[in-house]
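Peer 1: Dumping the structure here so I can ask a few things about it.
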Amino acid sequence: MRVLSAALLSLCLGLAACQTPQTPKGPQVTTGAAGTKLEAERVVKLVYEQQPDSAFATLPYTGGDLTPAIKRMRARLPQLKPLLESGVLGLGAQGNLVAREPTSLQTAQHALVNDENLDRTILYRANMFDTGHLDDPNVDWIRFTTAAYAVQWAAQAPAGWWVQNEQGEWHRKPA
């Protein structure tokens, strides 16, 4: 009986981890892939729009390493914005910030970019753990996760920011 109860509890917890918040149509269950894409969309919006902590409730996965990393990224954005707006920094194809003109960055700015990219790495890896697909031998989840976030960083970026495509070419985001 205890084994059955433990198995049922595990199943319920697993299903609960895959549910998204209530929508007007009711709860939706997401897979790891859909959950990752939804999480990426909402995290990027939370950071770019400087949403309050209450917006964390809209994320399918929170806690652990995710929440502190997102808070640091949100707090860091005002310092990064001028560098992104001027084109010194761009949004890399792998979901990280890239110094387009490395020689124009000061030491403190290099540290700022390194801190941001470290938090993005923490975010991507935590998302993989939270979706429960870290050990799937059939899917390269880190590549999938970074790609999902890279798409959202670029899609939600303001016009005029520089975005790198998968071939490494830089393009300024049109209005």
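Peer 1: Per residue of segment 32-40, in order, report the coupling 6.51 cos²θ - 1.76 cosθ + 1.60 (Karplus, θ = phi - 60°) as ³J(HN,Hα) in whole Hz, putting x for Gly and Pro.
Peer 2: My calculation for segment 32-40 gives x, 5, 5, x, 5, 5, 5, 4, 4 Hz in order.
Peer 1: Per residue of segment 108-123, what does 6.51 cos²θ - 1.76 cosθ + 1.60 with θ = phi - 60° give for ³J(HN,Hα)? Whole Hz please, x for Gly and Pro, Karplus curve as stated.
Peer 2: 5, 6, 4, 4, 4, 5, 4, 4, 4, 5, 5, 5, 5, 5, 4, 4
Peer 1: What net charge do the residues around Tyr149 carry, taking every other residue with its C-beta under 13 Å from that of Tyr149, with Lys and Arg at +1 and Asp and Glu at -1? Let's see the in-between values first.
Peer 2: Working: positive: Lys37, Arg42, Lys45, Arg120, Arg125, Arg143; negative: Glu39, Glu41, Glu116, Asp119.
After counting each charged neighbour, the total is +2.
Peer 1: May I pose another question? List Lys81, Lys37 from most exposed to least, where exposure is judged by having the fewest other Cβ atoms within 10 Å.
Peer 2: Details: Lys81 14, Lys37 19.
Arranged by neighbour count, lowest to highest, Lys81, Lys37 become Lys81, Lys37.
Peer 1: Quote to one decimal, in nm, the extra length available between Ala108 and Val151 on full extension: 0.36 nm per residue of separation minus the C-alpha distance between them. Before the final figure, lay out each step's value.
Peer 2: Numbers: separation 43, 0.36 × 43 = 15.48 nm, distance 2.76 nm.
Result: 12.7 nm gained on full extension.
Peer 1: Find, to one decimal place in angstroms, the Kirkwood hydrodynamic radius of segment 31-172, where the mean of 1/r is taken over every pair of different Cα atoms and then inverted. Display every interim value, and only then the final one.
Peer 2: Working: mean 1/r = 0.0653 Å⁻¹.
Averaging 1/r across every pair of different Cα atoms and inverting gives 15.3 Å.
Peer 1: Report the gain in length on full extension from Thr67 to Thr121: 0.36 nm times residue separation, minus Cα-Cα distance, nm rounded to one decimal.
Peer 2: On the way: separation 54, 0.36 × 54 = 19.44 nm, distance 1.32 nm.
18.1 nm is the gain from fully extending Thr67 to Thr121.
All of the numbers you see were taken from the coordinates with simple rules; none came from a lab. Source: prediction; values computed, not measured. Cβ atoms come from the backbone with ideal geometry, glycine included; neighbour counts cover every protein chain shown.
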